[in-house]
Amino acid sequence: MSKIIKIIAIIFVPIIAILVLGIIFVNTWSNKQTYNPNSQVNQALRDQAAGTQRKNSVGTIAGDAQDYRAKNGKYPTNETVNSSTFQSEYNLAAPFTQDPHGTTPVIGISPSKNTYSYSPTASDGSMCNNVDKTCLKFKVVAIMNNGSQYSLTESQ
């Protein structure tokens, strides 16, 4: 009888030990792999991605305004930049017109959080409309997550 107990012990004890270790490993590993969208690391990555998208959008809007000037001899008005005709011709659409945390794809006239702004001006810095005053300068701005402004300016 003791021989049978020894054989059972030799066979089943290692199997039970492996099963217990396997359960411990799976529980430990799965706890470490849990995704937490509110973690500081994930928030930092989202902030960095939003900042990159804002900088890319500011560059795209500025580049399209420069292309417009090369074709028309003046920079577009804010109204023109927001028109479907301009956006179609220059392939300017979301995500380039909508801030990553914004709710509408509209490019504002003055800088504000969660909205891009495009502000064209006449040579003296006053408002322009390309009728009475030609738009010869512009500034494109995005407000970054830390509250600083990222901008590009251009003048003829």
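A few points about this structure:
- The H on the amide N of residue 121, modeled in the peptide plane, is under 5 Å from the matching H of 136, 137, 138, each at least 5 residues off or on a different chain.
- Length gained when the stretch residue 131-residue 40 is fully extended (0.36 nm per residue, less Cα-Cα span): 27.7 nm
- For residue 23, the accessible surface of its heavy atoms amounts to roughly 110 Å² (probe 1.4 Å, protein chains only, rounded to the nearest 10).
- Relative contact order of the stretch 34-156, taken over Cα pairs closer than 8 Å and 6 or more residues apart, is 23 percent.
- Gained length - residue 48 relative to residue 144, 0.36 nm times residue gap less alpha-carbon distance: 33.6 nm
- Stretchable slack from residue 109 to residue 123, in nm (0.36 nm times residue separation minus alpha-carbon distance): 3.3 nm
The values are calculated or read from the model by the stated rules, or taken from the named source; none is laboratory data. In this text the structure is predicted, and so the values were computed from the model without any measurement. Heads up: the accessible areas ignore ligands, DNA and RNA and are worked out on the full protein's heavy atoms, side chains in. Shrake-Rupley method; radii C 1.70, N 1.55, O 1.52, S 1.80 Å.
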